[in-house]
1. Might you let me know whether the range 174-197 holds any residue that is surrounded by fewer than 16 Cβ atoms within 10 Å (Cβ to Cβ), on the phi < 0 side of the Ramachandran plot and of a type in the set (S, T, N, Q)?
2. Go through the range 1-15 residue by residue and tally those that are small (G, A, S) and either crowded, with 19+ Cβ neighbours inside 10 Å or closer than 25 Å to G99 by Cα (or both).
3. Looking at L362 and the list (1) touching a strand residue (DSSP E or B) at 6+ places or on another chain (Cβ under 8 Å); (2) of a type outside the set (S, T, N, Q); (3) surrounded by fewer than 22 Cβ atoms within 10 Å (Cβ to Cβ), which single condition is not satisfied?
4. Could you tell me which residue of the range 213-269 is nearest to I29 (Cα to Cα), considering only residues that are of a type in the set (A, V, I, L, M, F, W, C) and modelled with pLDDT under 95?
5. Evaluate the following for E394: is it over 20 Å from D295 (Cβ atoms) and more than 24 Å from the chain's Cα centre (by Cα)?
6. I need the full set of residues from the range 16-72 which are crowded, with 24+ Cβ neighbours inside 10 Å and among the aromatic types (F, W, Y), in order please.
Amino acid sequence: MRALIKKIVIAALVLEARLVLARTKPKVIAVTGSVGKTSAKDLLYTVVSSTFSAKKNEKSLNSEFGVPLTILGLKTAWSSPMGWLLNLGFGIWRLGFPGEKYKFLVLELGADKPGDIKTLSSWVRPKLGVITGIGSEVPVHVEFFRDIEALVSEKSELLRALPEDGTAIVNRDDARAWEMREATRARVISYGFASDANIRGDNLHTSYDDPLDSARGKKPKGINLRVDYAGKSVPVRLCGVLGKGHAYAALAAFAVGANLGINVVTISDALGRHKFTPGRLRILPGKNGSTIIDDTYNSSPSAVKLALETLHELELTVSPMADSQPQPRKVAVLGDMLELGEYSEGEHRKVGTWIRGVADVLVCVGEKAKWIGESAIEDGFDKGSVHEFGNSQEAGKFLSSFVLSGDMVLLKASQSVRLERATEQLLEDPTKASELLVRQEKEWRRKM
């Protein structure tokens, strides 16, 4: 009965959303992939809205529920039956009063099960489709698909849905994503760091603050890169975040902006002003003079690899007084990666082989994350530097007294691990948790 009610509610919301789209007629820009799609959606919205009126789905409202709610301008009712009835009522009201008109609708499309992208694409009818990346590792959500190829095929449905006069913007550096271009009749624009990418990134590096004093050392403040396009070279600065994943998201946004005819300087300025969503390789001030790299929104093998590569590339400020004070460390706090199905143990153990030479300390959170610790030790990582905890609260309590000045702490896990609970205990000012961390809404806080 519950499943039937859910189907009825979805069908009603979709019908209302389709009617609103038919009346308002925005040009739809849709984004999908297995890594970086929310960051790309947010960045390209920032670029598009710098010049045109635009709307996007907030946070990750990218599902069969989230997409129609976005179009109707409604919020999720969580588990409240009355709330969903009110949503349906407001949806009917939207048919007569659709609200603010906008030229572009930027939608992130998620695939939790077979048919999701195909169904969503069939009625939102995107004119422009963006593929972020699939990754060389096992993608998230794969447990709900026959195999990895089936998941890739489902993501390709976005490109199949594009009209012949549409545009597909595809990550040139991601082998699985690049192969997906064969699925579309639309014009293809590539982006990436490859020499033959249409929108090409180069000279990617981390920027640092100047040291305020010798005890705290220099702190990372963001990433810089250069974008080459149509004979022009434009600098881009992304503030408050780290990682090549954000650079790819910026390149995708740049490609969208360029395709829409936005001036490249305007695009660069918009990217530099962008305020990044919590939980995605955000740089936060931590306790005892440490630096937090907060990547707690979600996790997958490919995303963990990118995060660890980011940690590896960061520069620690080593004190010249090495004998009189502890040296700063790189701490990797990794929790369970979920929705991997039969690949779960193997992928967690693979992550363990990426730790040696990257982190000085490994903290494992959750039952599955123990495989990461076991594998790291087998690979030669110091057993005494591995710490295991059953939940995020325990890990946070340990870390809050463990971290020292100059330490850089990366935190990453799947959503249900709720690793932001550990991050909150690590914050220099925990009272700012509601503005700095993911899942701080009252509905999530009730699940503490």
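1. yes
2. Residues in the range 1-15 being small (G, A, S) and either crowded, with 19+ Cβ neighbours inside 10 Å or closer than 25 Å to G99 by Cα (or both): 2 in total.
3. The failed condition is (3).
4. Going through the qualifying residues, I end up with A230.
5. no
6. The answer is Y45, and nothing else.
Residues checked against (1) under 24 Å from K305 (Cβ atoms); (2) of a type in the set (A, V, I, L, M); (3) in contact with a helix residue (DSSP H, G or I) (Cβ under 8 Å, 6 or more places away or on another chain):
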residue: P220; (1), (2), (3): yes, no, no
residue: Y229; (1), (2), (3): no, no, yes
residue: G243; (1), (2), (3): yes, no, yes
residue: A253; (1), (2), (3): yes, yes, yes
residue: A258; (1), (2), (3): no, yes, yes
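Listed here are the residues, each with its yes/no results for (1) modelled with pLDDT of 95 or more; (2) over 30 Å from R273 (Cα atoms); (3) part of a helix (DSSP H, G or I); (4) not assigned by TED's automatic domain parsing to the domain that holds H141.
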site	(1), (2), (3), (4)
K7	no, yes, yes, no
A12	no, yes, yes, no
V35	no, no, no, no
D42	yes, no, yes, no
Y45	yes, no, yes, no
T51	yes, no, no, no
T76	no, no, no, no
S79	no, yes, no, no
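The values are calculated or read from the model by the stated rules, or taken from the named source; none is laboratory data. Just so it is clear, the model here is predicted, and its values are computed rather than measured. So basically every Cβ, Gly included, is an ideal-geometry build from the backbone, and we count neighbours across all protein chains shown.
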